Every structure is written in C-alpha cells, then in structure tokens.
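Data block below; observations after.
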Amino acid sequence: MSSKVYCLAQFLPKAGKETELFKVLQSLEPNTLREDGCLQYRVTRHIASPFAEGSSFPIVFNEIWANMAAFEAHCQRQEIVDFFNRYCLAEDGLAADWNVCVYTDEPEHYDAPEL
C-alpha cells in the first residue's frame, strides 16, 4: 500500500452559477499542479450515464496527494483559503454547499471515521 491521500472535493453551485464556479475552480489547477506532493488535481463535472446513477454534487475535484502532509499544506495555501472564503463562505459566493473528503488505499486505517 502507499501513503497516498485521495481527495474528493464536491461543490454545489448556487442557482445559475455552475459555469462561473467551474471556471473559478479550473483557475486553481495550474498553481496546485506545481505544489510538492500533488500527483493529480482535476476539476470535473457530473455527466449522466445509465451505468452510474448515484447522486453527487455537480462539480467535483479529483485529487491525489503523495501523503497527508502534502494535502494539508495545500489546504493551508493562501490561494485555497481565499477561494473558500470568497466563493464558499461569503454570502455572495458561488457555492451553496461543498463536501471535502479524503481517503486512503490502505486496508486498515486507524483514523477512519465511525460509521
């Protein structure tokens, strides 16, 4: 197994703001891809398929980090803090809701949340 950290960061845009939020999220990709420990950082949009009918927020970042330290350093970068303050937390932001979760590929992980 590895020390890699997999992150899914989902965003629910406010009504009529999906394209604008997607573009803002895309603008975060170039700098993030240059960060130490960033292995993948791609914003994606939900598409319909009869073979994948689950529910999700319509915009999702698919991230892979070399380790938890790299992920946590990313989360503390000023550009990322500013994004959440401006587009998620602000009353006039573009996101109505968001959900950021991290995962491991290790078979047993002692910090896993209780189900």
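Each reported figure results from applying straightforward, stated rules to the coordinates on display, with no laboratory input. These numbers were taken from a predicted model, which means no experiment stands behind them. Every residue, glycine among them, receives a Cβ derived from its backbone with ideal geometry; neighbour counts consider all protein chains shown.
Assorted remarks:
- Take the Cβ atoms of A15 and R77, set R0 to 30 Å, and the FRET efficiency comes out at 0.55.
- Alpha-carbon gyration tensor eigenvalues x 5, square-rooted, for region 62-105, Å: 23, 13, 6
- Label-point separation in nm, Q40 to L89, each point 7 Å along Cα→Cβ: 3.0 nm
- In degrees, nearest ten, helix 18-27 long axis to first principal axis of the chain (Cα): 50 degrees
- At 0.692 mPa s and 37 °C, Stokes diffusion of the chain via Kirkwood alpha-carbon radius, µm² per second: 216 µm²/s
- Highest-MSF residue in the chain out of Q40, Q76, Q26 [GNM, Cα springs under 10 Å]: Q76
- Percent of Cα-Cα distances greater than 19 Å, calculated over region 1-64: 40 percent
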